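The values are calculated or read from the model by the stated rules, or taken from the named source; none is laboratory data. For clarity, every value in this text was computed on a predicted model and none was experimentally measured. Glycine gets a Cβ as well: all are built from the backbone with ideal geometry, and neighbour counts include every protein chain shown. Keep in mind that these areas ignore ligands, DNA and RNA; they rest on the heavy atoms of the full protein, side chains included. Shrake-Rupley method; radii C 1.70, N 1.55, O 1.52, S 1.80 Å.
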Amino acid sequence: MDIVILAVVIAVVVLGALGGLVVGSRRKKQLPPPPPAAPDITAPPAEPHVGDEAETPRDEERRTIEEVDLPDGSTGVAVEEPPVVEELPPTEIEVPEPTAGRLIRLRARLSRSQTALGKGLLTLLSREHLDEDTWEEIEDTLLTADVGVAPTQELVEGLRERVKILGTRTPEELRGLLREELLKLVGTDMDRVVKTEPEASKPGIVMVVGVNGTGKTTTTGKLARVLVADGRSVVLGAADTFRAAAADQLQTWGERVGAYTVRGPEGGDPASVAFDAVKEGKEMGSDVVLIDTAGRLHTKTGLMDELGKVKRVVEKHAPLDEVLLVLDATTGQNGLVQARVFAEVVDITGIVLTKLDGTAKGGIVVAVQRELGVPVKLIGLGEGADDLAPFEPEAFVDALIGE
């Protein structure tokens, strides 16, 4: 009996021990892992606010206003002098070449490109027998040189009569005879002065017109140089508002000789710019106002009508003294068609022939004068700034026939 009781007690003790182990293991599994230790974090520097220094404020000793030594005024306070700004030198104004006899000085350049006409005629006239075939060759030479049909017939008839009377012909006599007949065609009694001195009041008003590519804006700038060289004060009106570089180009020409340029916004109303230019010229007391208009094709009716508007607006100030048509001398007879249309719109008073030093034929001078009934007043003989010259018939004919 005692043995049984002892066995039961031992069993109970063993079961109790086993139960304690099971419970302990379960509790051990359910416990969460301990949280990791928090790292040491350094706080970022505070961002400066408006008026703060761009760094973290530091604790430092500060002095009150009573502790700060203020200047008593006995010692001078050094004031830093402002830096000296070096002024840019003003734009140097060029002194244009005098216009007197300018074409004569340029005769060599003109003769190099124009003597084909004169030499061809002299060679034909020097033949021992001047038959009909020779006279036809003379006519062909003149027509090829853009003289035109009517002027050619007139010149040939004059030469026929003079040669018949002269009889024996020396080279010197032939040259003199040809010179006289050519001068009759070119005309020595036409008024070729560019009108820039109105009788009533200043300024003289000159409008420059022409088709695209004739050198119109360049001619206007060169004409300003011619006038300044003669002692005139000039205002330029950049009424070519359709071409972006036209106003800049004209202003550059003006700055070179001290001429003032009136310009408007790109694509603006050309008539408004022309009106303002004349108004400015009056207020400044200038001698001459040159108005550069937009190049336009003579076949564009709308553009030609606008050109007429520019003229009418300008004449609200004062009548135009000159309307100069710029023609490219190399276009020959095609230039006459352009000239005819422009003359109907704006009443051309003078012709400017450009590029006469290139492949142009000298006869265009005669043809355009006959077509319009107005004189050639200026000719362009090169790309140089002073290569625009007043037209002088004697010097021109001498260049044609050579020495």
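Count, please, the residues in segment 328-365 that happen to be closer than 20 Å to residue 185 by Cα, among the aliphatic types (A, V, I, L, M) and open to solvent by 10 Å² or more (accessible area, probe 1.4 Å).
1
Are there any helices (runs of 4 or more DSSP H) wholly within segment 90-152 with 1 or more residues that are of a type in the set (A, V, I, L, M) and at pLDDT 85 or above, and if so which?
It comes to 107-125, 132-144.
Looking at segment 270-287 only, could you name the residues that are open to solvent by less than 40 Å² (accessible area, probe 1.4 Å), under 16 Å from residue 204 (Cα atoms) and assigned to a helix (DSSP H, G or I)?
Matches in segment 270-287: 274, 277, 278, 281.
How many residues does segment 162-195 contain that are of a type in the set (A, V, I, L, M, F, W, C) and surrounded by fewer than 11 Cβ atoms within 10 Å (Cβ to Cβ)? Break it down into steps so the answer makes sense when it comes.
Of all residues in segment 162-195, those of a type in the set (A, V, I, L, M, F, W, C) come to 163, 165-166, 174, 177-178, 182-183, 185-186, 190, 193-194.
Now drop any that are not surrounded by fewer than 11 Cβ atoms within 10 Å (Cβ to Cβ), which leaves 165.
Of the residues in segment 162-195, 1 are of a type in the set (A, V, I, L, M, F, W, C) and surrounded by fewer than 11 Cβ atoms within 10 Å (Cβ to Cβ).
Give me the pairs, please: first residue somewhere in segment 387-403 and over 19 Å from residue 191 (Cβ atoms), second residue anywhere and acidic (Asp, Glu) and open to solvent by 10 Å² or more (accessible area, probe 1.4 Å), beta-carbon distance under 8 Å, and either six or more positions apart or on two chains.
387/357
For segment 199-223, how many residues meet the condition of being more than 17 Å from residue 388 (Cα to Cα), at pLDDT below 85 and buried (at least 16 other Cβ atoms within 10 Å of the Cβ)?
The total comes to 2.
Any residue that is over 16 Å from residue 306 (Cα atoms) and modelled with pLDDT under 85 - is there at least one of those in segment 347-355?
yes
How many residues does segment 374-389 contain that are surrounded by fewer than 18 Cβ atoms within 10 Å (Cβ to Cβ) and modelled with pLDDT of 85 or more?
The number of residues fulfilling the criteria is 0.
Looking only at segment 232-245, decide whether some residue is open to solvent by 10 Å² or more (accessible area, probe 1.4 Å), within 30 Å of residue 309 (Cβ to Cβ) and in a helix (DSSP H, G or I).
Yes, some residue in segment 232-245 is open to solvent by 10 Å² or more (accessible area, probe 1.4 Å), within 30 Å of residue 309 (Cβ to Cβ) and in a helix (DSSP H, G or I).
Got a sec? Which of 295, 267 is open to solvent by less than 30 Å² (accessible area, probe 1.4 Å), modelled with pLDDT under 85 and part of a loop (DSSP other than H, G, I, E, B)?
295
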